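Everything below concerns the one structure shown next.
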Amino acid sequence: MRVILFIAVILLAGFSTYGQTDDPPQPCTLKIAQAPAIRGVKLGMTVDELVALFPGSSESFNLKQSLAAAEGYPNFGETGFGIHPANWGNKERFDGITDYYFRLFDRRVFIMSVNYSQFPSGARWKTTDDLIQRFSDALHLPGPRAWGTDPMSSEQKKLKCDGFEVTVRAGDHGTITFYTGNWEGVKRERLAAFEEQKRNEFRP
């Protein structure tokens, strides 16, 4: 009995030592300028830089309408639109990507969501961590241990970096989304200035 207890103590000590040697998850310290690109598309791009990657897309009625809607109340510089690479030139570069969705502020990208082809045209992912590992290897992002669960969906995980956030969703197709919120204060200031202007212009 004493021998069994002695062996158990030794094993527990070994597991304890092993756990202590594991490196803790490292925080993501990447700044917004270091946000990775997906086939050349990334956060912070101007709309002119963006449409240049999709020849012909600058003439899209929906894109022109979206950019026009950004002016003045209530958007104050914010707008959004989608691009389907198969509809425009340079489509070979974006093989395997079904669409991008963008939100812009002052004509710069602050949200970029990329949807990949659905199974069986594209890959089916057994776990979100499997897809995160592929993105981490290709985009030089931290591995799955640095990513947290997303309360919005059990199929999503989120990585918080110093200047932006990344969300990955897996299943019958993969989705990766990049977001930065450094524009939000400016929009609030513009709304406050607009409201003040309207109060000043009011005549009883």
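The values are calculated or read from the model by the stated rules, or taken from the named source; none is laboratory data. Note that the structure is a prediction, hence the values are computed from the model and not measured. Glycine gets a Cβ as well: all are built from the backbone with ideal geometry, and neighbour counts include every protein chain shown.
Sort out which residues of segment 52-78 are aliphatic (A, V, I, L, M) and part of a loop (DSSP other than H, G, I, E, B), and write them in order of number. Working first, answer last.
Start the filter on segment 52-78 by keeping residues that are aliphatic (A, V, I, L, M), which leaves 52-53, 63, 67-70.
53, 70, listed by residue number.
Check off (1) outside any strand (DSSP E or B); (2) under 13 Å from the mean Cα position of the chain (by Cα); (3) small (Gly, Ala, Ser) for residue 121 and give me the number that stays unchecked.
Single failed check for residue 121: (2).
Working only within segment 79-89, note down all residues that are buried (at least 19 other Cβ atoms within 10 Å of the Cβ) and either touching a residue at least 60 places away in the same chain (Cβ under 8 Å) or closer than 20 Å to residue 110 by Cβ (or both).
Let us first name the residues in segment 79-89 that are buried (at least 19 other Cβ atoms within 10 Å of the Cβ), namely 79, 81, 83, 85.
Scanning segment 79-89 gives 79, 81, 83.
Hey, could you check segment 165-190 for residues that are modelled with pLDDT under 95 and hydrophobic (A, V, I, L, M, F, W, C) and say which is surrounded by the fewest Cβ atoms within 10 Å (Cβ to Cβ)?
Filtering segment 165-190 for residues that are modelled with pLDDT under 95 and hydrophobic (A, V, I, L, M, F, W, C), the one surrounded by the fewest Cβ atoms within 10 Å (Cβ to Cβ) comes out as 186.
Which numbered condition in (1) under 24 Å from residue 82 (Cβ atoms); (2) surrounded by fewer than 18 Cβ atoms within 10 Å (Cβ to Cβ); (3) of a type in the set (S, T, N, Q) is the only one that residue 115 fails?
That leaves (2) as the condition not met.
This table checks each residue for (1) on the phi < 0 side of the Ramachandran plot; (2) in contact (Cβ under 8 Å) with a residue 12 or more places away in the chain; (3) surrounded by fewer than 20 Cβ atoms within 10 Å (Cβ to Cβ).
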site: 97; (1), (2), (3): yes, yes, no
site: 103; (1), (2), (3): yes, yes, yes
site: 106; (1), (2), (3): no, yes, yes
site: 133; (1), (2), (3): yes, no, yes
site: 143; (1), (2), (3): yes, no, yes
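Go through (1) over 28 Å from residue 183 (Cα atoms); (2) at pLDDT 95 or above; (3) not hydrophobic (A, V, I, L, M, F, W, C) and name the single condition residue 108 misses.
(1)
For residues in segment 162-201 being in a loop (DSSP other than H, G, I, E, B) and acidic (Asp, Glu), which is nearest to residue 124 (Cα to Cα)? It would help to see each step written out before you state the result.
First, the residues of segment 162-201 that are in a loop (DSSP other than H, G, I, E, B): 162-164, 170-174, 180-183.
Checking the rest, the ones that are also acidic (Asp, Glu) come to 162, 172.
Details: 162: 31, 172: 4 Å.
Only one residue fits best here, namely 172.
Can you tell me which residues in segment 24-74 are among the acidic types (Asp, Glu) and loosely packed, with under 15 Cβ neighbours inside 10 Å? Spell out how you get there, then give the answer.
Residues of segment 24-74 that are among the acidic types (Asp, Glu), as a first pass: 48-49, 59, 71.
Within segment 24-74, 48, 59, 71 qualify.
Return only the number of the condition from (1) in a loop (DSSP other than H, G, I, E, B); (2) under 15 Å from residue 41 (Cα atoms); (3) hydrophobic (A, V, I, L, M, F, W, C) that residue 111 does not satisfy.
Of the numbered conditions (1) in a loop (DSSP other than H, G, I, E, B); (2) under 15 Å from residue 41 (Cα atoms); (3) hydrophobic (A, V, I, L, M, F, W, C), the odd one out for residue 111 is (1).
Looking only at residues in segment 127-161 that are part of a helix (DSSP H, G or I) and small (Gly, Ala, Ser), which one is nearest to residue 39 (Cα to Cα)? Break it down stepwise before answering.
Taking segment 127-161 and keeping what is part of a helix (DSSP H, G or I), we get 128-139, 144-146.
Checking the rest, the ones that are also small (Gly, Ala, Ser) come to 136, 138, 146.
On the way: 136: 15, 138: 11, 146: 24 Å.
Only one residue tops the list, namely 138.
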